[in-house]
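K.L.:
Would you mind keeping the following structure in view while I ask a few things?
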């Protein structure tokens, strides 16, 4: 079996990750890598989140002959739910808490090229939802993105593992944690939060790939200005938008903005 096919088979076998459906162009290096089916660049393969490989060397006629080529022990005995990321000859694999990351050279007997070991407060584990897991890594702009369980989003240099930047997304002390895979879309990396069982008002946030600065943040509940629902929300499908029966009376989606319900005859 060709090594490139083994790489992808291992990436799929490591597990699946929960993700948001997105279809968009990405950072230039991610865009190029996505075009090569030998890579597994997105947490679920492609932006369509189908977890499907276009490779066809393994098929229903020969799948019975597939066997393990090698193994790598992470040393963490908790759930491993996210698939590895494969870019060229490097496989990036992550672990459950404390979310260690390894870069392995698939052309050199899986030699460890670099490793990243986060220093997280062990108490974070007590408020994590659904086991102490991490559901994947993001890739783009020459970086590997890790959303740590303790709410810190980290950008690592894909070649060296050096930390480029980090940003605090959530505070576990109020019950807000992270188990999600960061998603790289164009020049942004998207992440969110867990903690609804503790009454946390969660959100989806986008950070700029270059420096980790916040681009936007949309809460799951709240006023229009914080949920980021404006007059043009889902304009391609207005019949699905509740705003189709509202009138913008004060700037809509802005601080202090509002809408007024308009009763219309059918």
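The values are calculated or read from the model by the stated rules, or taken from the named source; none is laboratory data. Predicted model, so just to flag it, every value in this text is computed and none were measured. In this analysis, Cβ positions are derived from the backbone assuming ideal geometry, glycine residues included, and neighbour counts consider all displayed protein chains.
K.L.:
Select, from 254, 186, 235, 265, the only residue that is under 16 Å from the mean Cα position of the chain (by Cα), modelled with pLDDT under 95 and more than 24 Å from residue 133 (Cβ to Cβ).
P.N.:
Only one candidate passes the filter, namely 186.
K.L.:
Follow-up. In segment 170-185, how many are touching a helix residue (DSSP H, G or I) at 6+ places or on another chain (Cβ under 6 Å) and in contact (Cβ under 8 Å) with a residue 60 or more places away in the chain?
P.N.:
Count: 1.
K.L.:
Looking at 189, 167, can you tell me which residue is touching a strand residue (DSSP E or B) at 6+ places or on another chain (Cβ under 9 Å), under 29 Å from residue 257 (Cα atoms), touching a residue at least 40 places away in the same chain (Cβ under 8 Å) and assigned to a strand (DSSP E or B)?
P.N.:
189
K.L.:
With the requirement that a residue be in contact with a strand residue (DSSP E or B) (Cβ under 8 Å, 6 or more places away or on another chain) and crowded, with 17+ Cβ neighbours inside 10 Å, what does segment 96-109 give you?
P.N.:
99, 100, 101, 102, 103, 104, 106
K.L.:
Considering only residues of segment 131-164 that are in a loop (DSSP other than H, G, I, E, B) and touching a residue at least 60 places away in the same chain (Cβ under 8 Å), which is surrounded by the most Cβ atoms within 10 Å (Cβ to Cβ)?
P.N.:
Once the filter is applied, the top-ranked residue is 136.
K.L.:
Is it the case, given these coordinates, that residue 228 is touching a strand residue (DSSP E or B) at 6+ places or on another chain (Cβ under 8 Å) and touching a residue at least 40 places away in the same chain (Cβ under 8 Å)?
P.N.:
The answer is no for residue 228.
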